[in-house]
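One structure below.
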Amino acid sequence: MHHEHGGNIYKYENDNLIDFSANINPYGIPQSIKQAMHNAIDLCVHYPEPNANKLKHALAEKYNLKAENFFCSNGAAEIFYRLANVVKPKTAIITAPTFSEYEQALSSVNCNIKHHFLLKENNFNLKDDILNDLDDNIDICILCNPNNPTGKIINTDLMNKIIKKCDENNIYLIIDECFLDFTGNEKEHSVLYNKSNNLIVIKAFTKIYALAGVRLGFCVSHNVNFINNLSYFGQPWNTSVIAQQAGLAALKLNDYPKQIAQNIKILRDKLYLELKNLNLTVFYGYANYLLFYTSDFNLHEKLLKHNILIRNCENYIGLCKGYYRIAVRTEKENNKLIKALKEVLNY
């Protein structure tokens, strides 16, 4: 099974390409994190600290939890594969559309996957009918909040109902919060402090700190035995020296995510209106990307001629030709995108 992801700039061999296909903080890596990674070069003669203990303690301090509640990983994606091997689920439920790596990880352990389809007529919002699917035939449920590629946030009351239903039916519930920083409402929507034994929350440094190439994620659970079991399904040195030092430096930037979220909201709202003015069907999202539909099925190829790469979403289960996702980038880059769209759409 092969899934295409955004951010694969390498196959185009174009140094002038503006990458709207990957949802990364457009302001780049903060200087203090760059310096921390530079300073870590000489430390690379040593193996990384097993289990990233210093980083886990720093995370525990930031989130006011215990280090034993955390597992650090080579990007958030690694956790999905480890989770699949720990749970070994027979049947899972995921939404459609959503991040393809969930299905790939579940398929690696021959799990039967059921899709809960998010409907265009509901603006791709998750509704209460998801509760009907959470019966005792399901072993694991994975939800993305906000969802990728729609950017939709799960209603807080519904999320609490989902957690309760999963507890009642002993379903492992995985909540991917990798994009929640960009909403500016992490405290309101995060389920990090819910003490359900079946709940695992996944987060990453990848997006908000622009560390996609470094690969650093983590998960949180109040089920300490489950956290410990994750360590057995993979190598002990899964986070590099440079990644660990980058994470430690990032955690010192207390106000940075909030500042970025405020900036992104301004850029996102403006970009949303400009796309609407081009008569595109745009689905408002709360992260650092927007999903839209157009009847021009060759838009991806046309924009490449303008040195702009966007995410063609037709390979998402639940979507079809004509759906595209764009990251929110800097104002200058967003303006270049809108200018190119006007040209290729003859607007």
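Computed quantities for the displayed model
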| read-out | value |
| --- | --- |
| Cα centroid separation - the stretch 270-347 against the stretch 99-129, whole Å | 23 Å |
| By average C-beta atoms within 10 angstrom, highest first, the peptides 332-338, 16-22 | 16-22, 332-338 |
| Candidate lysines - alpha carbon under 16 Å from Lys164, same-chain residues fewer than 8 apart omitted | Lys127, Lys195 |
| Added length on full extension, which subtracts the Cα-Cα distance from 0.36 nm per residue, Lys54 to Asn254 | 70.2 nm |
| In order through the stretch 298-312: 3J(HN,Hα) via Karplus (6.51 cos²θ - 1.76 cosθ + 1.60), integer Hz, x for Gly, Pro | 10, 4, 4, 5, 5, 6, 4, 5, 9, 6, 10, 10, 10, 9, 6 |
| Subset of Lys187/Lys339; Lys258/Lys342; Lys62/Lys207 violating a 26 Å alpha-carbon distance limit | Lys187/Lys339; Lys258/Lys342 |
| Candidate aspartates and glutamates - alpha carbon under 19 Å from Lys54, same-chain residues fewer than 8 apart omitted | Asp42, Glu68 |
| Part-to-part distance (alpha-carbon centres) for the stretch 171-186 and the stretch 232-252, which is given in Å | 20 Å |
| Ordering of 133-143, 27-37 by burial proxy (mean other Cβ atoms within 10 Å per residue, highest first) | 133-143, 27-37 |
| Per-residue [θ]222 nm for the chain (sum of -39500 (n - 2.57) over DSSP H runs n ≥ 4, rounded to 500) | -10000 deg cm²/dmol |
| Simple label model, 7 Å out from Cα along Cβ direction - Asn194 to His46, nm | 4.0 nm |
| Theoretical gain in end-to-end length, Leu273 to Ser231 [0.36 nm per residue, Cα-Cα removed] | 10.5 nm |
| Relative contact order computed over the stretch 31-250 (Cα-Cα under 8 Å; 6+ residues apart), in percent | 30 percent |
| Gain on full stretching of the segment that runs from Lys62 to Ser107 - 0.36 nm per residue minus C-alpha separation | 12.8 nm |
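Readers should treat all values here as calculations from the given coordinates under stated rules, not as data from a laboratory. Because the structure is a prediction, the values reported are computed rather than measured. Backbone-built Cβ (ideal geometry, glycine too); neighbour counts: all protein chains shown.
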